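Right, one structure below, let's go through it.
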Amino acid sequence: MSNTAVSLIGVPTDIGAGHRGASMAPEALRVANLGQRLHKLGLDVVDRGNLHGPLNPWLPPGADGHRHLEEAIAWNRVACEAVYSVLHQGRLPIMLGGDHCLAMGSISAVARHCREQGKELRILWLDAHTDFNTARLSPSGNIHGMPVACLCGYGPSELTSLAGFTPAVTPAQFRQIGIRSVDPGEKQLVREAQVPIFDMRHIDEHGMKRTVEAALEGMGPDTHLHVSFDVDFLDPSIAPGVGTRVRGGPTYREAQLCMELIADTRKMASLDIVELNPALDKHNQTAKLAVDLVESLFGKSTLLR
């Protein structure tokens, strides 16, 4: 992370999720002192407040198989514009979701920026889920299970073309870490698309250090590293405040090591924090943990290294 100027962008919606509550996450992260903690690390922090979009109508899937498609398009458009604006100013955007469908907006903005600046894009997707569903494959129609597929061109044109070109990115630009829940049809699609995935079995067999090193391998001097941090990446025993809990995730120390190894590259240039659900949390425990880990992403360490 070479950029010490960061901008917080709140995107308060749970439009793509299967549970209500992620819309409250930006405020929970602020209550957990995200801005102040980053400022103490020497960063120039600007909080741009919250973006605005349609309310969640809480409807079943439409005829096309998507839940809340029009609303998801609207929220992702404003997220894309806001993240691109921050990048254009030379600052590092931190998107405070909201659910993970919003990564379509943030990563589309990053892809556009990288194309204009001639930079290589690498995306670390820290998540329990691959999020490579389509409306045809999805058991629920929830769009938060579809952002990676849409970014890679599998989905409605309004979502696949947010960057101004389609696809916004390729599967080869992703490195997914912590995966442990994939729907049956999705398994086949991620295999066909050849998405690079480091699932929990890989972490169990090789350890977090070797896993993250493999995921970061091959980055050059012009690499823009985007980190999309879904809080359900973490084991629910330490992070209960998520709508889609999956047992067997990284422990506190494994997660800290993951963040520290990313920080060591000094390549992170944009960040999503998504799927925090304060309605399901205990005394803001998960938001505080997320802030703790984000501090490590920005270089906080026990010793001077």
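The values are calculated or read from the model by the stated rules, or taken from the named source; none is laboratory data. Predicted model, so just to flag it, every value in this text is computed and none were measured. Reconstructed Cβ throughout: ideal geometry from the backbone, glycine too, with neighbour counts over all protein chains shown. Remember, those area values only see protein heavy atoms, side chains included, never the ligands or the DNA or RNA. Shrake-Rupley method; radii C 1.70, N 1.55, O 1.52, S 1.80 Å.
Tabulated values for the structure
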quantity: Failed condition for Pro61, given (1) open to solvent by 20 Å² or more (accessible area, probe 1.4 Å); (2) under 20 Å from the mean Cα position of the chain (by Cα); calculated: (2)
quantity: Count of residues meeting criterion [modelled with pLDDT under 95 and either open to solvent by less than 70 Å² (accessible area, probe 1.4 Å) or out of contact with any Leu (no Cβ under 6 Å at 6 or more places or on another chain) (or both)] in segment 1-56; calculated: 3
quantity: Pair list, Cβ < 6 Å and 6+ apart or interchain, from segment 43-58 residues that are farther than 14 Å from Glu81 by Cα to residues that are aromatic (Phe, Trp, Tyr) and open to solvent by 70 Å² or more (accessible area, probe 1.4 Å); calculated: none
quantity: Residues of segment 213-246 classified as among the hydroxyl-bearing types (Ser, Thr, Tyr), under 19 Å from the mean Cα position of the chain (by Cα) and assigned to a loop (DSSP other than H, G, I, E, B), total; calculated: 1
quantity: Of all residues in segment 295-305 being surrounded by fewer than 16 Cβ atoms within 10 Å (Cβ to Cβ) and of a type outside the set (Val, Ile, Thr), the one that is nearest to Asp131 (Cα to Cα); calculated: Ser301
quantity: Filter result (over 23 Å from Gly105 (Cβ atoms), touching a Ser or Thr at 6+ places or on another chain (Cβ under 8 Å), open to solvent by 10 Å² or more (accessible area, probe 1.4 Å) and not acidic (Asp, Glu)) within segment 229-246; calculated: Ile238, Val246
quantity: Residue match in segment 160-174 (condition: within 23 Å of Glu275 (Cβ to Cβ), open to solvent by less than 30 Å² (accessible area, probe 1.4 Å) and in contact with a His (Cβ under 9 Å, 6 or more places away or on another chain)); calculated: no
quantity: Close pairs (8 angstrom Cβ cut-off, 6 or more residues apart or separate chains): within 18 Å of Gly155 (Cα to Cα) and in contact (Cβ under 8 Å) with a residue 60 or more places away in the chain in segment 167-184, surrounded by 20 or more Cβ atoms within 10 Å (Cβ to Cβ) and of a type in the set (Ser, Thr, Tyr) anywhere; calculated: Ala168/Ser108; Ala168/Thr160
quantity: Segment 270-294, residues that are on the phi < 0 side of the Ramachandran plot, of a type in the set (Asp, Glu) and surrounded by 19 or more Cβ atoms within 10 Å (Cβ to Cβ); calculated: Asp272, Asp281
quantity: Yes/no for Ile143 being touching a residue at least 60 places away in the same chain (Cβ under 8 Å) and under 18 Å from Ala74 (Cα atoms); calculated: yes
quantity: From the options Lys119, Lys187, residue that is free of Cβ contacts under 8 Å to residues at least 12 places away in the same chain and more than 18 Å from the chain's Cα centre (by Cα); calculated: Lys187
quantity: Subset of segment 64-86 (residues that are open to solvent by 40 Å² or more (accessible area, probe 1.4 Å) and either modelled with pLDDT under 95 or basic (Lys, Arg) (or both)); calculated: Asp64, Arg77
quantity: Residue match in segment 98-105 (condition: buried (at least 24 other Cβ atoms within 10 Å of the Cβ), closer than 26 Å to His66 by Cβ, touching a Cys at 6+ places or on another chain (Cβ under 6 Å) and among the small types (Gly, Ala, Ser)); calculated: yes
quantity: Residue within segment 88-97 that is without any contact (Cβ under 8 Å) to a residue 60 or more places away in the chain and over 21 Å from Gly18 (Cα atoms) present; calculated: yes
quantity: Of all residues in segment 179-228 being of a type in the set (Gly, Ala, Ser) and crowded, with 21+ Cβ neighbours inside 10 Å, the one that is farthest from Val294 (Cα to Cα); calculated: Ala215
